[in-house]
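Notes for the one structure printed next.
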């Protein structure tokens, strides 16, 4: 029976929420990393401009915001959960716990709870490897589940779902030729289409929508190439090479009529070749395969698991040959792709506006802000590039001070400032311009791996197991 009251409650967040407080998905509106009307604080810290803090549990997912609600996922006792907080004071409005799942193999800096939820003001949707996609309404009632097989991703999952119109999109790249791109109905959770991506591995990037001309492309950056899909049915429209063969982490960025893509090569060196020759050298017990004990040089960053596609604990000659062939097609760097227009299939070099290989980052997504591309790499090395022509403004300049460490968090920006977060627990605030100018540094005391959210006058930072809100909870940022 049609329930008028329930329908009005469902629409209430859309009617009352202020648009400048929305940060609805990973990297905010349109995955840009920019809050156009945001007014976060220029200076802050544990004892300065702290509006509130709240427990977030274990995990590295980012917060999202719709109106007066903040959503974040975390885990306690290996049980993943979603938490809804009041944007005003950080009080917990509701929480839902999911069943505990077997601990997956992840990188030492990763976590099984890594996917950032997405919301459109009517529902909030989370992705939990081992469970699948789960949707709740804004008051915490579960709406649907789309259960998915637990993927095997070297170093752990890194992708997040997005909502575009009435569809939810999720990219599940993984080992063993099981990779796929999925679209489900946002209202019912029913699978609309599923497109296989058999050559893709290591799901670390999040899909984005590229609006160009009168059409939209669903963009996925992954192993060896970037692909544009038709959001309606999942058919591939075009693709272009230029990315690493494995561990592509930065999410694509759209703007200025271009698509910006980045991936960093292992050590920015040519891909290894002839791996099958290792079998003759390292196979000490002459078993015909390589065990973990025989390959200590493969034990870092999930290399062994990447090669051992059968997951039987023995690397064979065929697996080594397949890895060699896969790696030979790799590339790396930061490049800009022009609108391909009506072109289909594999795009030629004429569609690439520019490309360079210096100053790339292995994880953090570039930030397009005020016609400049900002990249922060491990060690606090910042590179700034003219977005239109690719000319370097400055390259690999160090933030200095205590802003070292790794940079897994992606830059965000608002009100002429850029915010960079380090695993050392330091947030650096930059003033936009043609020089590297650090205007403020905040030491939060716990590692930061998640990308912050900007909502009106608030900067929300996940630091350790807490979510910290700096600034003012009023939309304008004024008390």
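Hey, can you tell me all the residues within the stretch 56-73 that are out of contact with any strand residue (DSSP E or B) (no Cβ under 6 Å at 6 or more places or on another chain) and touching a residue at least 60 places away in the same chain (Cβ under 8 Å)?
The answer is 60, 62.
Tell me, which strands (runs of 3 or more DSSP E) wholly within the stretch 25-117 include 3 or more residues that are under 20 Å from the mean Cα position of the chain (by Cα), crowded, with 19+ Cβ neighbours inside 10 Å and modelled with pLDDT of 95 or more?
The strands (runs of 3 or more DSSP E) meeting that bar are 64-66, 69-76.
Every residue, every condition in (1) buried (at least 22 other Cβ atoms within 10 Å of the Cβ); (2) in contact (Cβ under 8 Å) with a residue 12 or more places away in the chain, yes or no:
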{"residue": "190", "(1), (2)": "no, yes"}
{"residue": "195", "(1), (2)": "no, yes"}
{"residue": "202", "(1), (2)": "yes, yes"}
{"residue": "206", "(1), (2)": "yes, yes"}
{"residue": "214", "(1), (2)": "no, no"}
{"residue": "221", "(1), (2)": "yes, yes"}
{"residue": "241", "(1), (2)": "no, yes"}
{"residue": "250", "(1), (2)": "yes, yes"}
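Would you call residue 230 surrounded by fewer than 24 Cβ atoms within 10 Å (Cβ to Cβ) and at pLDDT below 95?
So residue 230 does not fit the description; no.
For the stretch 157-205, list the strands (runs of 3 or more DSSP E) that sit wholly inside it and hold at least 2 residues that are over 20 Å from the mean Cα position of the chain (by Cα); which are they?
Details: elements: 162-164, 167-172, 180-185, 191-196.
Strands (runs of 3 or more DSSP E) meeting the threshold: 191-196.
Do the conditions hold for residue 383, that is, is it assigned to a loop (DSSP other than H, G, I, E, B) and surrounded by 17 or more Cβ atoms within 10 Å (Cβ to Cβ)?
No: the conditions fail for residue 383.
Does any residue of the stretch 232-248 turn out to be closer than 23 Å to residue 116 by Cα and outside any loop (DSSP other than H, G, I, E, B)?
no
Which residue out of 207, 198, 129 is in the same structural domain as residue 80 (by TED's automatic domain parsing), at pLDDT 95 or above and within 25 Å of residue 306 (Cβ to Cβ)?
Only one candidate qualifies: 207.
In the stretch 295-307, what count of residues is obtained for those that are modelled with pLDDT under 75, assigned to a loop (DSSP other than H, G, I, E, B) and surrounded by 14 or more Cβ atoms within 10 Å (Cβ to Cβ)?
2
So, restricting to strands (runs of 3 or more DSSP E) that lie completely within the stretch 326-375, which ones have at least 2 residues that are over 22 Å from residue 207 (Cβ atoms)?
352-356
Identify, by number, the condition in (1) over 27 Å from residue 261 (Cβ atoms); (2) touching a residue at least 24 places away in the same chain (Cβ under 8 Å) that residue 446 doesn't meet.
The single condition residue 446 does not satisfy is (2).
The values are calculated or read from the model by the stated rules, or taken from the named source; none is laboratory data. On a predicted model such as this, the values are computed, not experimentally measured, just so you know. All Cβ positions, glycine included, derive from the backbone under ideal geometry; neighbour counts span all protein chains shown.
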